[in-house]
Amino acid sequence: MQSIVSNDLTLLRESLAARLADTAGLSPLQEDWIIVPNRDTGRWLQTHLVAALGGLANTRFLTLGQALSELSRTDHSSNFFEVAFWAIAKYWQLAHPQLAAADAVPQIVLLTELFERYLTDRPDWLARWEREQTVQLLGPHWQATLWREVIQTLPHQPHHRLLELANGTDAPELQTVGRVFVFAPDRLSEVALQILKQISQHRPVGLWLMSPSPEGWFL
């Protein structure tokens, strides 16, 4: 896995464009993944790459959460946010019957987004909460109780799949993936980095890091 480090976002963009232009030996049936920190960065990058390359055939822009979901989801007909939302809504309504719907819905959305971030950044915490183990950093917490309610309704267990991908006991789904490029991440969890390292054993993986130094500040 290659890392390109610069404190100039334009240089990172030009370096990525040069790598994308080199398609020698690539199958037209496989797509390049460009993992971006957010949609705004993705739109900005896409605009400049199209201008530099004349087009972006067979290229997908994903956030890290979307990429991990694609790699780990065993049931593509289900959506983690939707399933978790309704599980939390049921629990929240019983726990707070006095809440009006106008007040409850934003809270449920916020809680669902919280667990989506845990799924990306700390699937190990979710697995420990499921086993009723406390996380020393947080201690006993209501989030653990709520997660145990959510996990009962999930048709699959994406947090376990992510941990299996990270430790190499399961293989990522890469049939349609040619190369993976991670552009200017805000941060990368240790689990996400380990998954990228596992992918790099099967596909080219590159990190384009915005940093004044090559130190691993982004972990």
Margin query: Here are a few candidate values for Rg and Dmax of the Cα atoms in Å: (1) 22.5, 67; (2) 19.3, 62; (3) 23.1, 82. Which one was actually calculated from the structure I just gave you?
Written below: (2)
Item checked: Accessible area expressed per residue, region 1-96, with surrounding protein chains retained (probe 1.4 Å, Å²) -> 57 Å²
Margin query: Which log10 I(q)/I(0) values does region 25-148 give at q = 0.13 Å⁻¹ under the Debye formula, counting every alpha carbon as one identical point scatterer?
Written below: -0.72
Next item on the list: List the relative contact order of the chain as a percent without decimals, with contacts defined as Cα pairs under 8 Å and 6+ residues apart.
Entry: 34 percent
Notebook entry, point to check: Measuring with a 1.4 Å probe in the full set of protein chains, what accessible area per residue, in whole Å², belongs to region 139-179?
Noted result: 46 Å²
Next item on the list: Starting from the eigenvalues of the Cα gyration tensor, five times each then square-rooted, give me the equivalent ellipsoid semi-axes of region 79-143, largest first, whole Å.
Entry: 23, 14, 10
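Quick one: net charge around LYS197, please, counting Lys, Arg +1 and Asp, Glu -1 for every other residue with C-beta under 13 Å from its C-beta.
Spelling it out: positives minus negatives among the neighbours equals 0.
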Note to self: Loop by DSSP (not H, G, I, E, B), at most 16 other beta-carbon atoms within 10 Å: where is the longest site-free stretch of the chain for GluC sites (Glu not before Pro)?
What the structure shows: 1-131
Note to self: Out of the total accessible area of the chain (probe 1.4 Å, heavy atoms of protein only), what percent is carbon and sulfur?
What the structure shows: 52 percent
Check: If you keep only loop residues by DSSP, which trypsin sites (Lys or Arg not before Pro) in region 80-183 have at most 12 other Cβ atoms within 10 Å of their Cβ?
Finding: ARG131
Check: In terms of the ratio Rg/(2.2 N^0.38 Å) built on C-alpha atoms, what value belongs to region 2-85?
Finding: 1.27
Item checked: region 81-194: relative contact order in percent, alpha carbon pairs under 8 Å with at least 6 residues between -> 30 percent
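The values are calculated or read from the model by the stated rules, or taken from the named source; none is laboratory data. Note that the structure is predicted; figures quoted are calculated from it, not measured. Positions of Cβ are backbone-derived with ideal geometry, glycine not excepted, and every protein chain shown enters the neighbour counts. Ligands, DNA and RNA are stripped out before the accessible areas are found, and what is left, the full protein with its side chains, is counted by its heavy atoms. Shrake-Rupley method; radii C 1.70, N 1.55, O 1.52, S 1.80 Å.
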